[in-house]
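*Asks:* One structure is given below, represented as structure tokens, and several questions about it will come after.
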Amino acid sequence: MKIAQVAPLYESVPPAKYGGTERIVSYLTEELVREGHDVTLFASGDSKTSAHLVPQCRRALRTDERCLDPLAPHVTMIEQVWRRAHEFDILHFHVDYLHYSVCRRLETPHLTTLHGRLDLPELPPLYRTFSDVPVNSISQAQRKPLPFANWVGTVAHGLPEALYAFDEAPGNYLTFVGRVSPEKGLDRAIEIARRADMPLKIAAKVDQKDRDYFEAVLRPAMNHPSIEFLEEIGDGEKQELIGKARAVLFPINWPEPFGIVMIEALACGTPVIAFRCGSVPEVIEEGVTGFVVSDVGQAVKSVERLASLSRKQCRAAFEQKFSAGRMAAAYTALYEKLQSPGKDVEVEVHQCL
């Protein structure tokens, strides 16, 4: 099958450090190539892939100081994809809704995976206007604000099975990996660790828009000998940090569409303590791969119960539900359905939904 993967340009594919959507696009692209598909990747010029790379800008826009208008390269990319659409059997977009108007003029089958939150007030009119555009969710929870959208599948994110190794002998600390934005709950993670009397290692990206919050709220809270701030890290550093953690803290307070760090933890055999928001109950099985809690107090008590969990079961859950191979197979089935107009194209893939 000739497949075009259209990635955001804010990060390289895969990202050098933090980055969710671009990381998943990379895992999917590489797995599809491994399975013998002819894949073309539209992405930033510093991306690394075994597919055919069509660079759209010199480097990832987030780190390019010369880029003043990141939207312009995306519009240019969509035009280029439109002009080359006849070369492909399927176009798979990961750029939110920027291409919707163009899609209506395409004869080539296409799919859009939505990677972000959908509970924004501007989105219902948009999705009523483009009710014919086939979209894929990454969790059932993500769909809730837009039940009327043209959902054709739910495909959970997946990671290469060899990306992280199972670690059966953890150290004596908790960890938080993510962004420092308020919705990610780093302030809660700090409180949980201190109340549980456990060291906390933090690997977090600080976007410019979150800088004031970081300096005013988080930096003072981290001024404690048991708190270690490691800043932003990449895939190569996660094995040691996550694999040796007693647990990963995921104390979010927003409707998380998926939460890649949760399955990165499971891949290492590390359980997750997460707040009951968004996709969390779909990814973490209560009392098996972690604990799903409603407040800081419950999270602190869950730290005391970590010894009751099997790290082998965490790894097994990852292999069964969240591998890149399973993700690619699901998307391939969805591509094939979309190439057969008139047939039922609903594809349900996430086995724990």
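The values are calculated or read from the model by the stated rules, or taken from the named source; none is laboratory data. Since this is a predicted model, take the numbers as computed values, not measurements. All Cβ positions, even for glycine, are placed from backbone atoms using ideal geometry, and neighbour counts span all protein chains on display.
*Asks:* If you check every pair at least six apart or on different chains, which have Cβ atoms under 6 Å apart with a residue in the stretch 17-30 that is on the phi > 0 side of the Ramachandran plot and surrounded by fewer than 21 Cβ atoms within 10 Å (Cβ to Cβ) first and a residue that is modelled with pLDDT of 95 or more and assigned to a loop (DSSP other than H, G, I, E, B) second?
*Replies:* Once the first residue is on the phi > 0 side of the Ramachandran plot and surrounded by fewer than 21 Cβ atoms within 10 Å (Cβ to Cβ) and sits in the stretch 17-30, no partner that is modelled with pLDDT of 95 or more and assigned to a loop (DSSP other than H, G, I, E, B) comes close enough.
*Asks:* Now for a separate question. Taking the stretch 100-127 on its own, how many of its residues are assigned to a loop (DSSP other than H, G, I, E, B) and either under 20 Å from the mean Cα position of the chain (by Cα) or of a type outside the set (A, V, I, L, M) (or both)?
*Replies:* So in the stretch 100-127, the residues assigned to a loop (DSSP other than H, G, I, E, B) come out as 104-109, 114-122.
After this cut, where a residue has to be either under 20 Å from the mean Cα position of the chain (by Cα) or of a type outside the set (A, V, I, L, M) (or both) as well, the list is 104-105, 107-109, 114-122.
Adding up the residues that qualify gives 14.
*Asks:* Further question: Looking at the stretch 42-62, which of its residues are out of contact with any strand residue (DSSP E or B) (no Cβ under 9 Å at 6 or more places or on another chain) and not in a loop (DSSP other than H, G, I, E, B)?
*Replies:* Leu61, Arg62, listed by residue number.
*Asks:* I've got another one for you. Cβ-Cβ under 7 Å, sequence separation 6+ or interchain: first residue in the stretch 318-342 and closer than 23 Å to Pro281 by Cα, partner at pLDDT 95 or above and of a type in the set (Ser, Thr, Tyr). Which pairs?
*Replies:* Matching pairs, first to second residue: Ala324/Tyr27.
*Asks:* For the stretch 287-308, does any single residue satisfy the condition of being out of contact with any strand residue (DSSP E or B) (no Cβ under 8 Å at 6 or more places or on another chain), outside the structural domain of Gly36 (by TED's automatic domain parsing), charged (D, E, K, R) and buried (at least 17 other Cβ atoms within 10 Å of the Cβ)?
*Replies:* no
*Asks:* Let me ask another. I need a count of the residues in the stretch 85-103 that are touching a residue at least 24 places away in the same chain (Cβ under 8 Å) and over 18 Å from His74 (Cβ atoms).
*Replies:* Adding up the residues that qualify gives 4.
*Asks:* Another question about this same structure. Restricting to the stretch 136-155, name every residue that is surrounded by 23 or more Cβ atoms within 10 Å (Cβ to Cβ) and aliphatic (A, V, I, L, M).
*Replies:* Answer for the stretch 136-155, where residues must be surrounded by 23 or more Cβ atoms within 10 Å (Cβ to Cβ) and aliphatic (A, V, I, L, M): Ile138, Val155.
*Asks:* Another question about this same structure. Determine which member of the set Val39, Val75 is hydrophobic (A, V, I, L, M, F, W, C) and touching a strand residue (DSSP E or B) at 6+ places or on another chain (Cβ under 6 Å). Show your work before the answer.
*Replies:* Values: Val75 fails: touching a strand residue (DSSP E or B) at 6+ places or on another chain (Cβ under 6 Å).
Only one candidate passes the filter, namely Val39.
*Asks:* Based on this model, can you work out whether Val272 counts as of a type in the set (Val, Ile, Thr), at pLDDT 95 or above and under 27 Å from Leu118 (Cβ atoms)?
*Replies:* Details: of a type in the set (Val, Ile, Thr): yes; at pLDDT 95 or above: yes; under 27 Å from Leu118 (Cβ atoms): yes.
For Val272, the condition - of a type in the set (Val, Ile, Thr), at pLDDT 95 or above and under 27 Å from Leu118 (Cβ atoms) - is met.
*Asks:* Please identify the pairs in which a residue from the stretch 63-80 that is assigned to a loop (DSSP other than H, G, I, E, B) has its Cβ atom under 6 Å from the Cβ atom of a residue that is surrounded by 15 or more Cβ atoms within 10 Å (Cβ to Cβ), counting only partners at least 6 apart or on another chain.
*Replies:* Sorted first by the residue in the stretch 63-80, then by its partner, the pairs are Cys67/Leu61; Pro70/Leu61.
*Asks:* Considering each residue of the stretch 18-41, count those that are assigned to a loop (DSSP other than H, G, I, E, B) and closer than 25 Å to Ile202 by Cα, and give that number.
*Replies:* First, pick out the residues of the stretch 18-41 that are assigned to a loop (DSSP other than H, G, I, E, B): 18-20, 35-37.
From what is left, the residues that are closer than 25 Å to Ile202 by Cα are 18-20.
Final tally of qualifying residues: 3.
*Asks:* What number of residues in the stretch 228-252 are buried (at least 17 other Cβ atoms within 10 Å of the Cβ), of a type in the set (A, V, I, L, M) and not in a helix (DSSP H, G or I)?
*Replies:* Residues flagged as buried (at least 17 other Cβ atoms within 10 Å of the Cβ), of a type in the set (A, V, I, L, M) and not in a helix (DSSP H, G or I) within the stretch 228-252 amount to 6.
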